[in-house]
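Below is one structure, written out as structure tokens; the observations come after it.
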Amino acid sequence: MATVAESLIKKIEGREARVGVVGLGYVGLPLAVEFARAGFSVLGFEVSSEKVEALVQGRSYVRDVPDEQVAAAVEAGRLTATLDYDRLSEVDAICICVPTPLGKTGDPDVSFIMSATESIRRTIRQGQIIVLESTTYPGTTRELLLPALSDAGRLTVGVDFFLAFSPERVDPSNPVWKINNTPKVVGGITPACTQVTEALYSTIIGRVIVVSSTESAELTKLLENTFRSVNIALANEMQVVCDKLGVDVWEVIGAAETKPFGFMKFTPGPGLGGHCIPVDPHYLSWKMRTLDYKTRLVELASEINAEMPRYVSAKTADLLNEQGKPVKGSTVLVVGVAYKRDTDDTRESPALDVIQLLAEKGAEVRYHDPLVPALRHEGKDLESLPLDDRLVAESDVVVIVTDHSGIDYDLIRRSGRPVLDTRNVLGRAVREATTPVTAGD
Ligand SMILES: NC(=O)c1ccc[n+]([C@@H]2O[C@H](COP(=O)([O-])OP(=O)(O)OC[C@H]3O[C@@H](n4cnc5c(N)ncnc54)[C@H](O)[C@@H]3O)[C@@H](O)[C@H]2O)c1
């Protein structure tokens, strides 16, 4: 007699299992489409009726997921979405991809996870696997989800149902690394939980990495993003160091990068954005504070990175000052407002803080971003203005915050207007053009 785990694995390998994805955002939608493309019947669960409507009509709203892929999966009857959480009992596998922002006090906000978990608890049945993918602090799966889903002992984890954590590694607008070729880490509450999770993701992802616990899987994700936060903080501090020494930080980093071992290039910038790098380290430091340990390096890095928008607005004031102009009444053109290049995501974008800081000093701030046609910030509506000679000529200073690839940087360079290039996109163009082509390139 096959165990519940064996029957579920058989159903998964046969693509007969129904897959549910809770939260169809930047992470959940590509995952849902990937499972549908692998032949599964996928049911998406959302709280946003606009997103459900768009999906049911075969439309995507995530830049990295083409409409055609959604339309094809919907037309094939393999993808649909609903607001009806009672239908969670219909699916065999459930991936939770809801937001994990910070609360007003800067502490983790796991309310979205708990609301999704409560919906699953109400309909949970034997033969289901539940995987938490939302980035969170170590212990969330075991301490919060397991007690809720065991439903007062009615079901036994690892026997009747299966529970695991598997971090999401989406990198929006990354041209190379997609869901199906980015190794996936999985860690279950029990060995059977891990086996079922491994079987599930092996259907869509080439490499699945098994770790010994949900805590290890949760911490793996936090290490990956904290590693970036700490190294970007070092690069940002180097920017300030170089300023004070009158040295070009980009030249220094470019030179250090030529060392073939022991150095990894990170670049300074206007600050961190998005829902990952500026947020995730706080999940780690908060958890460690509950264990009476202060993660000094992690917290210091977050402080240094959070200071960068203020540093950029001060440098902008310096550039105006060199022209004998006050910030008050000057026209500042901000180029790029998304949190990183070639995405339309403005969540926690440093550009928003730079705009706010300069506006507070009385500057007239305008922006150009080909991927963000309109912006609402602090109750104000802003629109992206077309980048042309007149717009640049009318600006007292141009501040490049996000280095999207589709922007005409030559127009900015030719204008002769003072430019604060926080991404060295103007510098980069010169170096590449002068590099001689050598044999075998
Ligand atoms: N965006 C990224 O680049 C990225 C990368 C790696 C990890 N992550 C992590 O993945 C998780 C999801 O992030 P995201 O960027 O996809 O967020 P998102 O805001 O784009 O999507 C989350 C979706 O969940 C929905 N939602 C909220 N509560 C819900 C509920 N109770 N039931 C169902 N749906 C609900 C929201 O309407 C939204 O559509 C977060 O933990 C984030 O840290 C994000």
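The residue that is modelled with the lowest pLDDT, counting only those in region 252-289 that are assigned to a loop (DSSP other than H, G, I, E, B) and within 13 Å of the ligand (Cβ to nearest atom), is His275. Identify all residues within region 402-416 that are of a type in the set (D, E, K, R) and without any contact (Cβ under 8 Å) to a residue 40 or more places away in the chain; write none if there are none. Asp408, Asp410, Arg413, Arg414, listed by residue number. Contact map, region 1-25: residues that are closer than 17 Å to Ile124 by Cβ and touching a residue at least 12 places away in the same chain (Cβ under 8 Å) paired with residues that are within 16 Å of the ligand (Cβ to nearest atom) and open to solvent by 60 Å² or more (accessible area, probe 1.4 Å), Cβ distance under 7 Å, separation 6+ or inter-chain. Pairs shown: Arg18/Glu90. Looking at Val98, Val74 in this structure, which one is part of a helix (DSSP H, G or I), modelled with pLDDT of 95 or more and crowded, with 18+ Cβ neighbours inside 10 Å? Unique residue meeting the criteria: Val74. With respect to being away from the ligand (no atom under 15 Å from the Cβ) and surrounded by 20 or more Cβ atoms within 10 Å (Cβ to Cβ), Leu219 falls outside the description.
Pairs linking a residue in region 264-281 that is more than 17 Å from Met308 (Cβ to Cβ) and acidic (Asp, Glu) to a residue that is outside any loop (DSSP other than H, G, I, E, B) and more than 7 Å from the ligand (Cβ to nearest atom), with Cβ atoms under 8 Å and 6 or more positions apart or on different chains, are Asp280/Lys221; Asp280/Leu222; Asp280/Asn225; Asp280/Thr226; Asp280/Ser229.
Within region 385-411, the set of residues being within 27 Å of the chain's Cα centre (by Cα), surrounded by fewer than 19 Cβ atoms within 10 Å (Cβ to Cβ) and of a type in the set (Asp, Glu) comprises Asp408 only. Scanning region 12-37 for residues that are touching a Lys or Arg at 6+ places or on another chain (Cβ under 7 Å) and away from the ligand (no atom under 16 Å from the Cβ) gives Ala17, Ala36. Within region 388-400, the residues that satisfy the criterion of being assigned to a loop (DSSP other than H, G, I, E, B) and within 11 Å of Val419 (Cα to Cα) are Ser395, Asp396.
The values are calculated or read from the model by the stated rules, or taken from the named source; none is laboratory data. This one's a predicted model, so the numbers in the text were calculated from it and none came from an experiment. All Cβ positions, glycine included, derive from the backbone under ideal geometry; neighbour counts span all protein chains shown. The area values use the complete protein model at the heavy-atom level, side chains included, leaving out ligands, DNA and RNA. Shrake-Rupley method; radii C 1.70, N 1.55, O 1.52, S 1.80 Å.
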